[in-house]
Amino acid sequence: MTATAEWTGEDGHDPATTGDPGDPAAPTGTATRSVPATQPHRTVLHRLDDAASGLVVTGLDDEARAVLVRGLRRAGRRVLVVATTAADAVTWRRELGEPAATTHGVAPGLTGTEDEIAERLAATAGADGWLTVLLGLAEEVGDGAPPLDAPELADLRRLLLAEHGTRPGLDGARRRQVLPPPAELPPEPHVDQLADELLDVAGPASSPDRESARPLIAALACLPPDGAGSLDPLLRRIDEGVVALGRAGEDAAWARHVIDGVLAGRTAAAWSRVAGALPEVAQVSRHDHGSGPAQVRVTDDGVDPGTAAEAFERFADFLDTGGTLRRMFKSEEQRAVELLLPSLAINRVDPTTAEGAAAVGHHLRLRELEAGLATALAGLGRTVRPAEQRALLVHRLLSLRELCLRIGTVVDAVTELRTLLTGLPDAVRPATDGLPALGRVVGTGRRLTARASADLARRELGDVVARLNAVASPADRAPELRAALTALLRLDVDAYARAVEAADLARDEQRDLRRSDALAARLTDRPALLEALDADTSDETWIPREERWSQAWAHRDGLTWLRARTPGVVTTTAALAGREQAATADVDLVVLGPVDDEDPPTPWGERPDDVLELPGFGDDGRRLLVLPRAD
C-alpha cells in the first residue's frame with residue numbers, strides 16, 4: 001500500500017462492496033455480504049456539500065462504519081479516524097485492516113499502546129496533571145526526573161510551614177546565629193563542682209557571705225586566660241601598695257583620699273599633673289649637691305625661680321669661660337643677675353663668682369621644683385609652704401616624691417587591673433571606683449589565687465568562657481550562647497543548665513532550617529514548584545500531591561512523549577488532546593466516533609446540526625461525526 005493509500009485506503013477495488021473480478025464465484029456488482037447497493041460514503045459526501053459544519057451519521061454498526069470510512073478514503077481524500085476510547089481505536093484498526101498498535105513503556109506505570117497511554121493520562125489528569133500545569137512539558141522524556149522524592153517533598157513542606165505558617169515553629173533568624181558547640185559546654189555537674197570550689201573561699205555553703213560574694217567571684221574566675229595569670233601579681237602590688245601607704249603617718253589619710261578620688265574620677269586630672277611633676281623632682285639630690293653651702297630665698301613673689309635660676313646658670317657659664325665683672329659696659333649676663341639680686345636673700349656664697357652663681361642657680365632650681373610640686377599638689381588639697389632652710393626643702397621634696405610614687409604605684413596597678421577587667425562584659429565587670437570597691441576585689445581575688453584548688457577552678461572556668469567567647473562575635477551569637485556565657489559569668493548553675501538544654505533545642509531548629517534550605521536548593525531549577533509551595537502549603541492541596549508525587553512526574557513524562565508523537569490514521573481524542581487543530585491541519589475529513597451520546601461533543605467546534613440516518617445497515621445505536629477540515 002502506498003503512502004497515499006495509507007490515508008485513502010485505495011487499492012484498486014473495494015472487496016467489501018463488490019465482487020472480485022477475478023473470482024467467478026463472486027457475481028459482478030454483488031456485495032460479499034448483505035449491504036445496500038447504494039454506497040454510504042456517496043450519500044455522506046453528497047450531504048456534506050450542504051452541511052459545511054459536518055454530519056452526525058446514525059444507523060451503522062462497526063462493519064458498516066468501516067465500509068463508510070474506506071469509501072470516504074477514495075479519490076485521494078485524507079481521512080483521520082478519531083476514536084473516543086482506546087478500545088474503539090482497536091476495533092477501527094481491525095475493521096479497517098490497519099496494523100495493531102505497538103506497545104510502549106514510557107514511564108513507570110505508563111505502559112501500553114499510544115491510545116491506552118493517552119487514555120490513562122486523560123483519566124489521571126485531575127490527580128496528576130497539576131505538575132505539568134506548573135512546569136510545562138519536559139524537553140525530553142526522562143529529563144524531568146523529580147528533584148525530590150515524596151518523603152523529601154513532605155519534609156520540605158512541613159519545614160516551610162513551620163517557618164512561614166500562621167503558627168511558626170522555626171525562626172529564620174536562626175540561620176545566621178552561632179550556637180555553642182556541644183564540645184565547648186562542660187556538663188552541668190562539672191560546672192556545679194567548679195562553682196562550689198570557687199565559692200568556698202567566701203565561706204561554707206550556709207554562709208550569707210557566699211551568696212553576696214558570688215558575682216565578684218564569678219567575674220574574677222571568668223577572666224580571659226591571657227590575663228588570668230596577671231591577676232595575682234596585680235592584686236599583690238595593689239595590696240602591698242595600700243598597706244605601705246598606711247604606714248605613711250599623718251600623710252596616710254591624705255594618700256588614701258587621693259587614691260579614692262582618682263579611682264572615682266574626681267581628681268584624675270589633678271593627679272596627672274602631680275605624676276607629670278615627679279620626674280623633675282627626682283633631680284632634687286643633684287641640685288642639693290650643686291647648691292653647696294648656699295641658702296637662697298625668693299623675697300619677691302613676682303620673681304619666677306626657674307627664670308632666675310636660668311639667669312644665674314648663664315652668668316656662671318659666662319664667668320667660667322673667662323668673663324669678668326665690669327663697672328661699666330657690663331655683659332648681658334651680669335646685668336640680668338644684678339637685676340635679680342634685690343629680690344633674693346642669698347647667704348653663705350658670693351653670687352658674683354662662678355662657683356657662687358652656680359650654687360645659687362641650683363638652689364633656685366630646688367625652689368622651682370618646690371613651687372611646681374606645690375602647684376600640682378594644691379589640686380589634690382595638699383598645701384606646701386616654702387621652706388626656710390634648704391635641708392627642710394630637700395627633705396620635704398623627697399618625702400612628697402616618695403609618697404606620691406607609692407600612690408602612683410597603686411594607681412598604675414589599678415589601671416592595669418581595669419584593663420584586665422575589660423575582658424569581662426559591662427554587666428558583670430566588678431567596680432573599682434573607690435577604695436572600698438577596690439578592697440573587695442583585691443581581698444576576694446587574693447583568696448582565690450591563694451587557694452590552689454580555687455585557682456585551678458578559676459583558670460578552668462576562665463578558659464571555658466574564653467572558648468565560648470571565641471565562637472562568634474557578639475552580634476552573631478545565638479540567644480542560647482549569650483545565655484550560657486551570662487550564666488557562667490554569674491556562676492548560676494541552674495541558668496547554665498537551662499541554656500544548655502535550650503541550645504540543644506535550638507540546634508535541632510538550625511538542623512531543620514539547614515535541611516529546608518538544602519531541599520529548597522534542589523528545586524532551584526523548578527522555581528514554579530517553590531512558588532506553589534510558598535503560595536499554599538496546606539494539607540488539603542499537598543497531601544494528595546505527595547501521595548501521587550511519582551505518578552505526577554510520570555504523567556508529565558507521558559504527556560511529553562505523547563506530544564512528540566505524530567498521530568496515525570487511527571487515533572483517539574485523548575491522544576490528540578491539546579493539539580487537535582495542528583494534528584488535523586492537513587486532513588480533508590475527520591471521522592469522530594462512534595459515540596453513545598445523543599449530543600456528542602467535538603474538539604473542533606460546535607456539534608454538527610445535520611443528522612444523516614443510513615437505513616439498511618446493522619444499527620448499534622452509536623453515532624459517527626464526519627467533519628470536513630481542510631479548505
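The values are calculated or read from the model by the stated rules, or taken from the named source; none is laboratory data. This is a predicted model, so every value here is computed, not measured. With ideal geometry, Cβ positions are generated from the backbone for all residues, glycine too; neighbour counts draw on all protein chains shown. What goes into the accessible areas is simple: the full protein's heavy atoms, side chains included, and nothing from ligands, DNA or RNA. Shrake-Rupley method; radii C 1.70, N 1.55, O 1.52, S 1.80 Å.
Placing a pseudo-label 7 Å from each Cα along the Cα-to-Cβ vector at LEU339 and ASP619 gives an inter-label distance of 15.0 nm. Multiplying the residue separation of ASP476 and ASP149 by 0.36 nm and subtracting their alpha-carbon distance yields 114.2 nm.
At 0.692 mPa s and 37 °C, plugging the Kirkwood radius over alpha-carbon pairs of region 412-519 into Stokes-Einstein gives what diffusion coefficient in µm²/s? Display every interim value, and only then the final one.
Details: Rh = 16.2 Å.
Stokes-Einstein gives a translational diffusion coefficient of 202 µm²/s.
On a 0 to 90 degree scale, rounded to 10, what angle separates helix 86-96 from the longest Cα axis of the chain? Result, in degrees: 40. FRET efficiency for the ASP196 to ALA173 pair, using the beta carbon distance and R₀ = 45 Å, is estimated at 0.75. Taking the three principal axes of the alpha carbon atoms in region 119-172, the coordinate ranges are 45, 23, 18 Å, sorted in descending order. Residue-wise HN-Hα couplings along region 76-82, as the Karplus relation 6.51 cos²θ - 1.76 cosθ + 1.60 with θ = phi - 60° gives them from phi, are x, 6, 8, 10, 9, 9, 10 Hz; Gly and Pro carry x.
Taking 0.36 nm per residue of separation and subtracting the current Cα-Cα distance, fully stretching the chain between ARG467 and ASP412 would add 16.8 nm.
Against the chain, whose longest principal axis is taken from its Cα atoms, helix 493-521 shows a tilt of about 40°.
In nm², what is the average projected area of the convex hull enclosing the Cα atoms of the chain?
The number I arrive at for the chain is 59.0 nm².
Once the Cα-Cα distance is subtracted from the 0.36 nm per residue extended length, the GLU355 to SER538 segment shows a gain of 55.2 nm. Spread over its residues, the convex hull of the C-alpha atoms of region 335-418 is 130 Å³ per residue. Each Cα pair under 8 Å and six or more residues apart adds its sequence gap; the mean of these over the residue count of the chain is a relative contact order of 33 percent. If one puts a single equal scatterer on every Cα of region 524-631 and applies the Debye formula without solvent, what log₁₀ I(q)/I(0) results at q = 0.12 Å⁻¹? Normalising to I(0) and taking log10 leaves -0.67. So how tilted is helix 188-199 from the main axis of the chain? Cα-based, degrees 0 to 90, rounded to 10. The helix 188-199 is inclined about 10 degrees to the chain. Placing one equal scatterer on every Cα of region 485-580 and applying the Debye formula, the log10 ratio I(q)/I(0) at q = 0.15, 0.24 Å⁻¹ is -0.86, -1.23. Excluding ligands, DNA and RNA, the accessible surface per residue across the chain is 50 Å² with a 1.4 Å probe. Binning the C-alpha pair distances of region 124-232 at 10 Å intervals from 0 yields a P(r) profile of 10, 19, 18, 14, 13, 10, 10, 7, 0 %, listed from the shortest bin outward. The portion of the accessible surface of the chain made up by carbon and sulfur, rounded to a whole percent, is 51 (1.4 Å probe; DNA, RNA and ligands excluded). If R0 is taken as 56 Å, the Cβ-Cβ distance between ASP320 and ALA431 corresponds to a FRET efficiency of 0.40.
The C-alpha atoms of region 359-485 occupy a region whose extents along the principal axes are 73, 35, 25 Å, arranged from largest to smallest.
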